[in-house]
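The values are calculated or read from the model by the stated rules, or taken from the named source; none is laboratory data. Because the structure is predicted, anything quoted here is derived from the model rather than measured. Neighbour counts are summed over all protein chains in view; Cβ atoms, including those assigned to glycine, are modelled from backbone coordinates with ideal geometry. Areas reflect the complete protein model, heavy atoms only, side chains present, ligands, DNA and RNA absent. Shrake-Rupley method; radii C 1.70, N 1.55, O 1.52, S 1.80 Å.
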Amino acid sequence: MESYIKITQLNDFIFCPASIYFHDLYGDADTRTIQTTDQTLGTASHSTIIDQSYSTRSDVLQGIYVYSSKYNLLGKIDLFHIKRGLLTERKRQIKQVFDGYVYQLYGQYYGLLERGYEINALRLYSQIDNKVYPVPLPQDDPEMFGKFENTIQDFESFDLSRFVQTNPDKCARCIYTNACDRSL
Ligand code: SF4
């Protein structure tokens, strides 16, 4: 595994820590589970009102890499409106705001901060139904921020050899279930 954490791996890690090894092995093309298909479809490009309104503006950053040395996180942002300090992560369809979505925004947020940008607001955007979900900044949501930091710590100290899966429902929805020796 890399010495850094990919921002997108946080979502996989929450679902099942073992799955990040298979995701690395089989690549991003895999849709890992039925449930997390919604999560991993991520930034699939669709023509939407938000996309069109941003596409011609020069004060928007799109798809650039950011790195947070504080959390050892590397990944790409989706859309950042520089003047408004507005960071947006587009998803194909959001049926529920999973913690992993918020962690993804946090990772991008801290990466942008280290590049010197001022970020005033975070939001998720569901493309199919054109819905916006504001996400509080980490400092304004101590509970979520605590969960984010705990997840990073758990990720850093994770030892696959000691991992025991206890939730058969996850394995039942996981496409790695035949390859995985932890599968229930
Ligand atoms: S089969 Fe189960 S233990 Fe293995 S990666 Fe999938 S969810 Fe995790």
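Within the stretch 159-178, is there a residue that is away from the ligand (no atom under 16 Å from the Cβ) and on the phi < 0 side of the Ramachandran plot? No.
Using the structure shown, decide if residue 46 is more than 16 Å from the ligand (Cβ to nearest atom), modelled with pLDDT of 85 or more and farther than 24 Å from residue 157 by Cβ. It would help to see each step written out before you state the result.
Values: more than 16 Å from the ligand (Cβ to nearest atom): yes; modelled with pLDDT of 85 or more: no; farther than 24 Å from residue 157 by Cβ: yes.
Criteria not met by residue 46.
Looking across the stretch 118-175, the residues that are open to solvent by less than 80 Å² (accessible area, probe 1.4 Å), more than 23 Å from residue 18 (Cα to Cα) and part of a loop (DSSP other than H, G, I, E, B) come down to 119, 127, 129, 130, 136, 137, 141. Cβ separations smaller than 8 Å between residues 6+ apart or across chains give the following pairs from the stretch 166-184 residues that are aliphatic (A, V, I, L, M) to residues that are surrounded by 12 or more Cβ atoms within 10 Å (Cβ to Cβ): 175/30; 175/31; 175/32; 175/33; 179/22; 184/165; 184/171.
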